[in-house]
Amino acid sequence: MKVSQLFTKTSKNAPSGEEAKNAQLLIRAGFISKEMSGVYAFLPLGKRVLDNIVQIIREEMDGVGGNEISMTALQNPETWQASGRWDDKVMDVWFKTKLANGREFGLAPTHEEPLTKMMKSFISSYKDLPAYPYQFQTKFRAELRSKSGLMRGREFLMKDLYSFSVDEAQHSDFYDHITKAYLRIFARLGLGDLTYKTFASGGSFAKYSHEFQTISPVGEDTIYVSDEKGIAINEEVFNDEVLEMLGISRDELRQEKAVEVGNIFTLGYKYSEPLDLKFTDQNGEEKLVFMGSYGIGPSRVMGLIAEHFSDEKGLIWPENVAPFKVYLVQIGEKSVEKAGEIYEKLNNAGIEVLYDDRAERPGKKFADAELMGIPYRLTVSDRLLDGGEFELVSRANGETEMVSSEQIIEKMK
């Protein structure tokens, strides 16, 4: 892609009324556009980052046997009435709407009920289990507070996987597999050293659950981290019972602020019972399906990465999620042809490059490269042309080296 082909533009100033650092940077760099509080559109560069995050999660979900689907946002009240969660007093984040004839619908905040209902068409025998459908789908929640940019939205992308098992033992085996998959995901996203499997409240599902919390000064949660065991406890369940169950003493824990980036729940029969999802076992006996739920918010993770990997100049994307690997800057009239050759060479080698071919001053191009946070900036200029080497700068650490056109591909690979 060439910068001249982008309809988006960068900005020196943060938008008024936007408090969150992640949203300020992403809007200034031309990655997202704010529609209203808690609602953002993803522009070309932002969509590429979001897609990269989604792909990492997809690969890990496929690796544990997941089947990707796509469910509807519009929800039938009857399905949710079966579990009792259509009532706003039970679940207070609903967005609801009506047709002209008065019929009411909801916009899905999650998908346990509709998916349980759908699986009744496909599960009847123990031979049909286990099953692990998952999706990347826009969710809608009427959050009262939406001042954290992408990290707390009213409309946001969610990966939700649901497990359907013959019993708790089969469920527990998968629970362990997906725990490891989640830890791999956050490691691949560059957040591995900061993210902990965290003992937490089970909310309306169970007594306890597990969250994946990433340490961050902008976190809304307080967690207590055990470096020795590599786990943490959410403040909401920080008590003697939990400490004893985990075999942890208070003096080995450190207190941190953190952002919840994922969660996993044992649902048991909470939804299979009211929605009558059953199977026939090997003895011909009819039994309820044992369920679990596993969520990650790709757009929330994108916001957290923007908060964490940034400096006074702008964003600093990890290579795995960056919209492009190389920002190619062309300066002067004599180097146009050479820059074009290098652009084609990088593309042909499968290296994603954003070519700044604009008739702008060098300072503007360099500033945009730093604001956008693309991992490497490669400068091809008239001044460097005679020497046959070009300037390669790492956005992460500022290291600069001179490389020939022959070395560029090898370096970038």
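Check each of the GluC sites (Glu not before Pro) in the range 263-313 and keep only those in coil by DSSP with at most 14 other C-beta atoms within 10 angstrom; list them in order. Display every interim value, and only then the final one.
Working: sites: E285, E286, E307, E312; in loops: E285, E312.
Filter output for the range 263-313: E285, E312.
Evaluate E = 1/(1 + (r/R0)^6) for E236 and D167, where r is the Cβ-Cβ distance and R0 equals 41 Å; express this FRET efficiency to the nearest 0.05.
Values: r = 29 Å, r/R0 = 0.71.
It comes to 0.90.
How big is the gap, in Å, between the Cα center of the range 143-188 and the Cα center of the range 15-44?
Cα centroid of the range 143-188 versus Cα centroid of the range 15-44: 25 Å apart.
Output ³J(HN,Hα) for the range 160-174: one whole-Hz value per residue in order, computed from phi by the Karplus curve 6.51 cos²θ - 1.76 cosθ + 1.60 with θ = phi - 60°, and x for Gly and Pro.
With the stated coefficients, the range 160-174 comes to 10, 10, 10, 9, 10, 10, 6, 7, 5, 5, 5, 4, 4, 4, 5 Hz.
Can you tell me the FRET efficiency between L288 and E312 if r is taken as the Cβ-Cβ distance and R0 is 56 Å, rounded to the nearest 0.05?
0.50
Could you tell me which of the pairs K21/K229; K159/K325; K34/K365 are separated by over 29 angstrom between their Cα atoms in the structure shown?
Details: K21/K229 32 Å; K159/K325 25 Å; K34/K365 25 Å.
Beyond 29 Å between Cα atoms: K21/K229.
Net charge near M91, counting Lys/Arg +1 and Asp/Glu -1 over other residues with Cβ under 14 Å of its Cβ? Let's see the in-between values first.
Numbers: positive: R85, K89, K96, K139, R141, K270; negative: D87, D88, D92, E112, E113, E143.
Value of the local net charge: 0.
How would you rank M402, M118, going from fewest to most other Cβ atoms within 10 Å of each one's own Cβ?
Details: M402 12, M118 17.
Arranged by neighbour count, lowest to highest, M402, M118 become M402, M118.
Return the distance in nm (one decimal) between the two label points of a simple spin-label model at S33 and L144, each offset 7 Å from Cα along Cα→Cβ.
In this crude label model, S33 to L144 measures out at 3.3 nm.
List the residues whose amide H sits under 5 Å from the amide H of F95, counting only those 5 or more places along or on another chain, with H placed 1.01 Å from N in the peptide plane.
When sequence neighbours closer than 5 places are left aside, the close amide H contacts are L107, A142.
How big is the chain by the Kirkwood estimate over distinct Cα pairs, in Å?
Details: mean 1/r = 0.0423 Å⁻¹.
About 23.6 Å, per the Kirkwood formula over Cα pairs.
What FRET efficiency comes out for the pair Y269/S404, r = Cβ-Cβ distance, R0 = 51 Å, nearest 0.05?
Details: r = 65 Å, r/R0 = 1.28.
Efficiency, rounded to the nearest 0.05: 0.20.
With a Cα-only, solvent-free Debye model of the range 92-237, what are the log10 I(q)/I(0) values at q = 0.18 Å⁻¹?
-1.37
How high is the relative contact order of the chain, given as a whole-number percent (alpha carbon pairs under 8 Å, six or more residues apart)?
So the answer I get is 16 percent.
Check cross-link reach from K120 to the aspartates and glutamates: straight Cα distance under 18 Å, and skip same-chain residues fewer than eight apart.
E68, E78, E112, D128, D167, E273, D276, D281, E285, E286
Counting only residues 5 or more places away or on other chains, whose amide H sits under 5 Å from the amide H of S381 once H atoms are built in the peptide plane?
I331
Figure the gain on full extension for S11 and R254 (residue separation times 0.36 nm, minus the Cα-Cα span) and round it to one decimal in nm. Let's see the in-between values first.
Working: separation 243, 0.36 × 243 = 87.48 nm, distance 3.96 nm.
Full-extension gain reported as 83.5 nm.
Ranked by Cβ crowding within 10 angstrom, fewest neighbours first, how are M1, M372, M412 ordered? Intermediate values should be presented prior to the final figure.
Values: M1 16, M372 27, M412 19.
Fewest-to-most Cβ neighbours within 10 Å comes out as M1, M412, M372.
Under the rule of -39500 (n - 2.57) per DSSP H run of 4 or more residues, summed and divided by the residues of the chain, what mean residue ellipticity at 222 nm is obtained, to the nearest 500 deg cm²/dmol?
Details: 11 runs with 116 residues, N = 413.
It comes out at -8500 deg cm²/dmol, rounded to the nearest 500.
Provide the per-residue ³J(HN,Hα) series for the range 59-64, in order, calculated from phi with Karplus coefficients 6.51, -1.76, 1.60 and θ = phi - 60°, each as a whole number of Hz, with x at glycine and proline positions.
Couplings: 4, 6, 5, 5, x, 9 Hz.
If amide H atoms are built 1.01 Å from N in the plane of the peptide, which residues on other chains or at least 5 residues away come under 5 Å of the amide H of S163?
Correct list: G292, S293.
Any of K364/K413; K117/K287; K47/K313 with alpha carbons more than 26 Å apart? Name them for me. Intermediate results must be reported in sequence, preceding the final value.
Values: K364/K413 28 Å; K117/K287 16 Å; K47/K313 22 Å.
K364/K413, as the Cα separations exceed 26 Å there.
Pulled fully out, how much extra length does the chain show between M71 and A41, if you take 0.36 nm times their separation in residues and subtract their Cα-Cα distance? The partial results should precede the final answer.
Details: separation 30, 0.36 × 30 = 10.80 nm, distance 2.08 nm.
Between M71 and A41, full extension yields an extra 8.7 nm.
Going by how many other Cβ atoms sit within 10 Å of their own, how do T8, T195, T79 line up, fewest first? Intermediate values should be presented prior to the final figure.
Details: T8 15, T195 24, T79 19.
In increasing order of surrounding Cβ atoms, one gets T8, T79, T195.
At 0.36 nm per residue, minus the direct Cα-Cα distance, what do E104 and A359 gain on full extension? Give it in nm, one decimal, please.
This chain segment gains 86.4 nm when fully extended.
Any read-out appearing in this document is the output of simple, stated calculations on the displayed coordinates, not a laboratory observation. All values derive from a computational prediction rather than experimental measurement. Reconstructed Cβ throughout: ideal geometry from the backbone, glycine too, with neighbour counts over all protein chains shown.
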